[in-house]
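The values are calculated or read from the model by the stated rules, or taken from the named source; none is laboratory data. Please read all numbers here as calculations on a predicted model, not as lab measurements. So basically every Cβ, Gly included, is an ideal-geometry build from the backbone, and we count neighbours across all protein chains shown.
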Amino acid sequence: MKFFINTLTLLFFLTSNSYSNDSYLKEFNKFLLTKGVNKVINICKEEKKNSKKWFDAGCESRPGGVFTTTNNLKIKFYQDRSGIPKKAKPKRDTLLYYTFFQLIDDLGFDKVGSLGSEKPYQFQFNLREDKNVKKEMNKSGLLSYLLFENNKIVVDEITPKERFGLVFDDKTMWTSASVGKSLVSYVTGHAICGGYIESINSRMNDWPLIKNTLYDNQRLIDVLNMAAGDIAYSRDTGKIADLFKNKGRNINPNNNSLKFHMDGYFKDSKMGKNTYNYSNIVPNIIINYVWYKSNGDFQKILDTVFRTKIKSENNISFLKMNSRTVTGKYPVKLEDGPIRYSFRATRYDFLRMAKAMMDDWNNDTCVGKYLKTVYANRIPKVSKVKEGLSSYTMTNSYGGFFHTDYKGIDRPILGMDGYGGQSILIDMEKSRIVVINAVHSDYNWKKIVHSVIKNDG
């Protein structure tokens, strides 16, 4: 592998970046060392005695030498975020680092989920080559591409070893990003079918955590549709779906418990119009409301979803905040609303999740009826459809945490979209699914996702 030559110093082209700290770089270098990529050197022998680099390393007081690792990777860091800006065009080395970064970014969080099923669903294969997918796999941040149709996986591509294969493989627990919002909806459907919540029209008027806030007494379907009347408080500003009027580091709703936000930022807030307003705090409200309504059976609900329905091969779990991960390091209890919509799964388990949703829809199960009902109650998006970057931009409506009404497609499609290029589309009529995991959204989504789903064949 020509790009892993153990002779050059690791070059980091840094911008002012709060996330570019030594702890992540050290972990990355340790990882590379275990893979035989890095080479350990003694700086005090490599650098000229009494030179600036020799003194900077402290060699004058360390007769045994100062050791570090080297390689030839050239990595660019991005300012004020833990990911890559959508419009950036990073090269392979940068993408490799951020692939690794995504794997350790949630260390320290607790998890709420289920173990893999004792009898996971086993896929059948009838593979064909897709040149467009192969092309994107070798030039973009694409990590995995799965196309499922006629009840079989027909296209199965994963990043090559020479790109990101050192970090990502079939067993990698990859981030969902905002795809997790849709899984929150699926879990909610199971809570309704299990009798814990009456219907999508039930009002959230029995939860002390949201009393004296705009979310109190809201219809469940309005919150699921991102139409909670909270646009004066929470909004997608283009950087993160944040609490944009909040001060300091608390604008990210995923950095603190719901109690923290409800007692502070949302206290005495007033509801506005029930129009579509994409937000990150809303799915956190819903998943924690399901926990509250489960009356101690939350694990039972999750096991029904993950182990019984999805039949996952590996563990699947939502993140849960704790006193170590929240801003301020205060005590966090389950009743404080610490569960986040973010979850992790392997690439095949992402497909198992989508297939379970499709099967529910087509078999008209109780949860299938739930999916059809939220689809029937979808609402128009405020912004107009834009050309081909993602489900977020190429859909006209939104329902139950799913993107719907794709440009040029006149049939029921449930779409999931997440930061960094995560994308799942389910064509209910054609029984076709595309599942993508990615570290960056620089691949041709319109060609390898939208066009594939649009195909009438």
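Inside region 322-358, residues that are crowded, with 22+ Cβ neighbours inside 10 Å, within 16 Å of Leu258 (Cα to Cα) and among the aromatic types (Phe, Trp, Tyr) make up a count of 1. Looking across region 210-225 at every residue that is buried (at least 21 other Cβ atoms within 10 Å of the Cβ) and in contact with a Lys or Arg (Cβ under 9 Å, 6 or more places away or on another chain), the one that is farthest from Leu371 (Cα to Cα) is identified as Thr213. Taking the condition in contact with a Leu (Cβ under 9 Å, 6 or more places away or on another chain), crowded, with 20+ Cβ neighbours inside 10 Å and within 20 Å of His440 (Cα to Cα), does Ser140 pass? Spelling it out, Ser140 is indeed in contact with a Leu (Cβ under 9 Å, 6 or more places away or on another chain), crowded, with 20+ Cβ neighbours inside 10 Å and within 20 Å of His440 (Cα to Cα). The set of residues in region 83-109 being more than 16 Å from the chain's Cα centre (by Cα) and in contact (Cβ under 8 Å) with a residue 60 or more places away in the chain consists of Ala88, Lys89, Pro90, Arg92, Asp93, Leu95, Leu96, Tyr97, Gly108. Among the residues of region 437-448, not a single one is touching a strand residue (DSSP E or B) at 6+ places or on another chain (Cβ under 8 Å), over 29 Å from Pro160 (Cβ atoms) and of a type outside the set (Gly, Ala, Ser).
Taking region 232-267, which residues are at pLDDT 90 or above, surrounded by fewer than 19 Cβ atoms within 10 Å (Cβ to Cβ) and over 22 Å from Lys333 (Cα atoms)? Ala232, the sole residue that qualifies. Answer yes or no as to whether Ile310 is over 19 Å from the mean Cα position of the chain (by Cα) and modelled with pLDDT of 95 or more. Considered against the rule, which asks whether it is over 19 Å from the mean Cα position of the chain (by Cα) and modelled with pLDDT of 95 or more, Ile310 comes out as no.
This table checks each residue for (1) within 29 Å of Gly195 (Cβ to Cβ); (2) assigned to a loop (DSSP other than H, G, I, E, B).
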site	(1), (2)
Lys245	no, yes
Asn250	no, no
Tyr265	no, yes
Ser269	no, yes
Tyr278	no, yes
Ser312	yes, yes
Ser323	no, yes
Ser342	yes, no
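Can Ser202 be described as in contact with a helix residue (DSSP H, G or I) (Cβ under 8 Å, 6 or more places away or on another chain), among the small types (Gly, Ala, Ser) and over 26 Å from Asp106 (Cβ atoms)? Here the answer is yes, as Ser202 does meet what is asked.
It is to be established whether one or more residues within region 281-292 are assigned to a loop (DSSP other than H, G, I, E, B), touching a residue at least 24 places away in the same chain (Cβ under 8 Å) and over 18 Å from the mean Cα position of the chain (by Cα). No: region 281-292 contains no residue that is assigned to a loop (DSSP other than H, G, I, E, B), touching a residue at least 24 places away in the same chain (Cβ under 8 Å) and over 18 Å from the mean Cα position of the chain (by Cα). Pairs meeting the criteria (first residue in region 118-134 and within 15 Å of Asp349 (Cα to Cα), second residue assigned to a loop (DSSP other than H, G, I, E, B) and among the hydroxyl-bearing types (Ser, Thr, Tyr), beta carbons under 7 Å, at least 6 apart or on different chains) are Pro120/Ser312. Thr94 passes every criterion in (1) modelled with pLDDT under 95; (2) part of a strand (DSSP E or B); (3) of a type in the set (S, T, N, Q) apart from (2).
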